[in-house]
Structures are given as structure tokens and as C-alpha cells.
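Encoded as C-alpha cells, the structure appears first; notes follow it.
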Number of protein chains: 2
Amino acid sequence: MERIAEGEYAVMEVLWEEAPLTAADVAARVPENRGWSLATVKTMLSRLLAKGVLTHEEDGRRYLYRPAIRREDYVAEESGRLIDRMFGGRVPALVAQLAARDKLTAADIAEIEKLLKELKS
Amino acid sequence: MERIAEGEYAVMEVLWEEAPLTAADVAARVPENRGWSLATVKTMLSRLLAKGVLTHEEDGRRYLYRPAIRREDYVAEESGRLIDRMFGGRVPALVAQLAARDKLTAADIAEIEKLLKELKS
DNA sequence: GAGGATGAATTACACATGTAATCGACAGGG
DNA sequence: CCCTGTCGATTACATGTGTAATTCATCCTC
């Protein structure tokens, strides 16, 4: 699957949240803190189309954009890539790292334990 | 902290494994499948120096390179970044994702549970 | 029907990255 | 002492990315 750059990912998030949308709609929904102009968003949309991760259908003079890939699939791929690169593919190594950095709250721990318990059943 | 590109990261891995090293040593230790020339490795080293994530000391006419940042720190930052972007900062969401994708072996699960149990004590 | 708003497409440009080649200095072998 | 190999430094160049401006067509409003 094509890589999606960080900025482009923000556009994908918008469309995973709600689709189809026009370019203007997407621009309106992109997080404020990006500070993007409509032109910038349109560039992103073109590039995402070129990468094949978006599709568009004509709606009069405009396009309606929608994702061509599923969020879960992309997220799974990226997570896997990071775990492979940084943790030798070992998920426990990632969890150990998070633990060592105090990234796990008591609630997180409880939730993960519950998840794992259900997994085993 | 400065971002480290994927290729550059491979060079950092070498130096985290063993340091200090000369440029030639690093090149010799970079994974084969990269297929990099010595020149390429030297470019990487320069860029990593410029980013401040490596230091070098003179050794006669050569340099000896060594990491200026700790692997754990960098890995922690990158993991955090991914978890923030893709899972809204929620580690359990990441674990759930991995579970749903069958990325967790029984051994992984057992190991993680052990880890979490120790954490609580 | 003319002019402004709005769409997508095209072009722009700087910085990052992958992937080197080349250059000038110098050290060591003959 | 000169040649050759080796060093780091400089330069190169294509592609990706962030961030638009410009262009050209078209629709809507007055």
C-alpha cells in the first residue's frame, strides 16, 4: 500500500470520519492548527487520489471524495511497520517500553488486561 | 528532538549497537539489503551530525561517530507520536488493534500479562 | 449578459530524503 | 618523494512533502 505522508494523513482522517465530502468540506474539517489554505487541501486531495487511497465521483462541477482504503487497514500497516523497525516485531517489547516510560495509566493497564483475557477465551 | 528519516535510522541502529565507529565501519555494518555505497552512508552520517543526533571525535584523519541521543528516548518519542496520531494517544486502542489483526501470539499475550502484573506491584 | 465566486488543474518553490559522484587533502608504500 | 588509496566535504539530482498561487472554465447573481 502507498505510504501516506503526515499531512496527507490529516486529510484522510477527515474523510474516514465522514464521506463523501467536497474539497471545501474537507478543508473546513481539517484541524484548525494546521492552518491550511483551501489550495493546500486541494493539493493533498490530488496527491491522495494519485496514490490511489482516495476516489472521487463527479457531482456537477465538483468532486465528492471518499476513502479508497479502510482506516483500520492503514493503521494496522503503519503500526506493524513501527513495531518491526523499532521493536524487532515484538509487541511485548513495545509494551515494556511504554511501561518503562510511564505511558500506561492504571486504567490503561486494567483495560489491556481485560482485552487480553477476552482474547484467550 | 529532530526527526530521523527511515534510512538514517538504519545508520543510528548500527551506532546504537556499537560505537564509536568510523564511517567505513558503519557502512560495513549496515544491513546488506540496503545496498548502500560508502558514499551514501557518509551522507547519512553528515546529515545525522547536522541534526545533532550524532557526535564525532577526530581520530587522526578520520572521525569516530557515536550516538548523541539514546535509542530508548528516540523510540519512545516515535512510538508516542504514532499512538497519538493513530490511536488518539490511547494505548489500549493500539493493543485492541493488534489483537484484532492477530498480531498477538499466545506467548505475546502471556508476556504482556506478566509485564502488567509486575507493573502493578 | 458581465463580473465575481468557485471548481479543479497546473505550476511553483523550498526543504527533506535516497542515493550517490566528485574534489581536495593527506598518509603510507614503494 | 611520488602514486594511490582513503578521508571528510561539497555538489548533484530525482522524488516526496508542505504550502501555496495561478490559471482556466463555469456557475450564479445582478
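All of the numbers you see were taken from the coordinates with simple rules; none came from a lab. This one's a predicted model, so the numbers in the text were calculated from it and none came from an experiment. Virtual Cβ from ideal backbone geometry, glycine too; neighbours counted across all protein chains shown.
At what distance in angstrom do the alpha carbon centres of segment A:28-78 and segment B:102-121 lie from each other?
About 38 Å separates the Cα centre of segment A:28-78 from the one of segment B:102-121.
At 7 Å along Cα-to-Cβ for each site, give me the label-to-label distance between B:Ser37 and B:Leu64 in nm.
Label at B:Ser37, label at B:Leu64, 2.9 nm between them.
Across peptide B:3-15, what mean number of C-beta atoms from other chains lies inside 10 Å of a residue's C-beta? Display every interim value, and only then the final one.
Numbers: counts 1, 0, 0, 3, 0, 0, 2, 1, 0, 0, 2, 0, 0.
For this peptide, the per-residue mean of nearby foreign Cβ atoms is 1.
With an 8 Å cut-off on Cα pairs and a minimum separation of 6 or more residues, tell me the relative contact order of chain B in percent.
So the answer I get is 20 percent.
Which value in Å is the Kirkwood Rh of chain B over different Cα pairs?
Evaluated over chain B, this radius sits at 16.8 Å.
Taking the Cα atoms of segment A:51-121 alone, what are Rg (to one decimal) and Dmax (as a whole number) in Å?
18.7, 55
Relative to the Cα centre, what is the charge dipole magnitude of chain B, using +1 at the beta carbon of each Lys and Arg, -1 at the beta carbon of each Asp and Glu, and rounding to the nearest 20 debye? Kindly include the intermediate steps, with their values, before the conclusion.
Values: 19 positive and 21 negative charges, 60 e Å.
Roughly 280 debye for chain B.
Springs between alpha-carbon pairs under 10 angstrom, Gaussian network model over chain B: which of B:Leu45, B:Leu21, B:Leu82 fluctuates most?
Highest fluctuation among the options: B:Leu82.
For the protein assembly as shown, report the translational diffusion coefficient in µm²/s to the nearest whole number, using Stokes-Einstein at 20 °C, 1.002 mPa s, and a Kirkwood Rh over Cα pairs.
In µm²/s, the coefficient rounds to 104.
How much length is gained on full extension from B:Lys103 to B:Glu13, taking 0.36 nm per residue of separation minus their Cα-Cα distance?
Once the chain is fully extended between B:Lys103 and B:Glu13, it gains 30.0 nm.
If you fit an axis through the alpha-carbon atoms of helix B:91-100 and take the longest principal axis of the Cα set of chain B, what angle between them do you get, 0 to 90°, nearest 10?
80
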